[in-house]
Amino acid sequence: MIEFHKPTLADKEWVTHCLVGEDRRGCEYSFAGMLGWGPAYGREIAQWEGWFLSRSMGRGGHVYLWPAGTGELPKALEAIEADAQALGEPVRFICLTREQARELERLRPGQFDIREDRDNFDYLYEVDKLSDLAGRKLHSKRNHCKRFEENNPDWVYEDMTEEAIPECMEVDAAWEERSREREGASEAQDMADEKRAMVTTLENFRALNAEGGLIRVEGRVVAFTVGSPICADTFDVHFEKALGEIQGAYAMINREFARRIRQRHPQVRYLNREEDMGLEGLRKAKESYYPDLLLEKYVAVRI
């Protein structure tokens, strides 16, 4: 029997231990994400015979991540299948990589309906690309940064500190107000979930080994971002907010944070800027930076 529970800070050490060496670049394996977004998705985790197991509530019922850790994989899959059976549901896997989907088909031939989940592909960019914005394709991004620097000659970039968090939340509040005006009430729950995840991450900033940066203009915070490591070569960008009325603020915080990660973590190759959730505007924005790697994900449902 798998004893699932809601993730807490006390789980960080063993979860990280299970994921060490796995090189899983997907944002769903970020512990900061598990803790922050857990309540929104009813996420639960378990330590089972050397494996990290995770289940959440999807639209049709419970969904599981592919196990991570060491041990006998067939036994871990059997445990997940027994858990789903106890819930009276078919086994549903989400966020499978192509390799994991193939492994599932090998171990359970013809037993799962496996489909591509484009809306949940992660966008990964090489740190050097976002730091330098070189090449013709990123000409417009360089221009945005140039305009920002010309219009705000006194701008400064700072590392995120606990003392600066209240100022960052003011930026988020301004962003939220503009978003409500633009999107209306339909996005209210999504924004509330994101706000809760952000507050959880910032309240546990140091304990989560999170890092962030902010940009000031005339002493005022106009943009900020927060992220944390996923695996040895990938750093996850959890949140990025800026005052929309300031031209180039988003491009600048993106560039400056990438430069900071390159400086502090030379082993990191990719920044994972997560999925677009099928939102047209978000997809367009992420594609405009020309990702170096689209991390394919698949869903699988027991037939």
Handout entry: Segment L87-L107, extension gain: residue separation times 0.36 nm, minus the distance between their alpha carbons
Key = 4.9 nm
Fill in the blank from the handout: Dimensionless Rg/Rh of the stretch 163-227, both radii on Cα and Rh by Kirkwood, sits at 1.00
Completion exercise
Note on the stretch 162-303: contact order normalised by length, alpha-carbon pairs under 8 Å, 6 or more apart, percent, works out to 18
Problem - Shape metrics for the stretch 1-80, restricted to C-alpha atoms - Rg then Dmax, Å - result: 11.8, 32
Handout entry: Overall Cα dimensions of the chain, principal axis frame, Å, largest first
Key = 61, 38, 38
Problem - Theoretical ellipticity at 222 nm over the chain - DSSP helices of four or more residues, -39500 (n - 2.57) apiece, nearest 500 - result: -12500 deg cm²/dmol
Fill in the blank from the handout: Mean Cβ-within-10 Å packing, highest first, puts peptides 280-287, 16-23, 268-275 in the order 268-275, 16-23, 280-287
Completion exercise
the stretch 189-244: spread of alpha-carbon positions along the three principal axes, whole Å, largest first, is 36, 29, 19
Handout entry: Convex hull volume per residue in cubic angstrom - Cα atoms of the stretch 217-303
Key = 132
Practice task
Measure off, as a whole percent, the carbon and sulfur share of the 1.4 Å-probe accessible area of the chain, all protein chains present.
Solution key: 48
Practice task
First select every other residue whose beta carbon is under 12 angstrom from the beta carbon of A251; then total the charges, Lys and Arg +1, Asp and Glu -1.
Solution key: +2
Problem - Relative intensity, log₁₀ I(q)/I(0), of the stretch 153-303 from a Debye sum that treats every alpha carbon as a point, q = 0.10, 0.11, 0.17, 0.21 Å⁻¹ - result: -0.38, -0.46, -1.11, -1.62
Practice task
Write down, largest first, the equivalent ellipsoid semi-axes of the stretch 72-200 in whole Å, where each equals the square root of 5 times an eigenvalue of the alpha-carbon gyration tensor.
Solution key: 42, 23, 16
Exercise for the section: Keeping all protein chains in place, calculate the accessible area per residue for the chain (probe 1.4 angstrom), answer in Å². Expected result: 50
Fill in the blank from the handout: Per the Cα gyration tensor, the stretch 141-182 corresponds to an equivalent ellipsoid with semi-axes, largest first in Å, of 23, 19, 8
Practice task
Could you pull out the pairs from K137/K284; K129/K195; K195/K286; K146/K195; K129/K241; K6/K284 whose alpha carbons sit more than 25 Å apart here?
Solution key: K129/K195; K146/K195; K6/K284
Completion exercise
Computed about the Cα centre, the charge dipole of the chain from +1 Lys/Arg and -1 Asp/Glu charges at the Cβ has a magnitude in debye, to the nearest 20, of 800
Handout entry: Linear extension gain, E177 paired with R264, 0.36 nm per residue minus alpha-carbon span
Key = 27.9 nm
Exercise for the section: Within the stretch 246-266, find all residues whose amide N lies under 11 Å from a label point positioned 7 Å from the Cα of D132 along Cα-to-beta-carbon. Expected result: none
Exercise for the section: Note down the relative contact order for the chain as a percent, whole number, built from C-alpha pairs under 8 angstrom at least six residues apart. Expected result: 28
Problem - the stretch 175-254 and the stretch 76-117: distance between their alpha carbon centers, rounded to Å - result: 34
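The values are calculated or read from the model by the stated rules, or taken from the named source; none is laboratory data. Here the structure is a predicted model, which is why all the values come from computation and not from measurement. Glycine gets a Cβ as well: all are built from the backbone with ideal geometry, and neighbour counts include every protein chain shown. Each accessible area value is taken on the protein alone, full model and side chains, heavy atoms only, with ligands, DNA and RNA left out. Shrake-Rupley method; radii C 1.70, N 1.55, O 1.52, S 1.80 Å.
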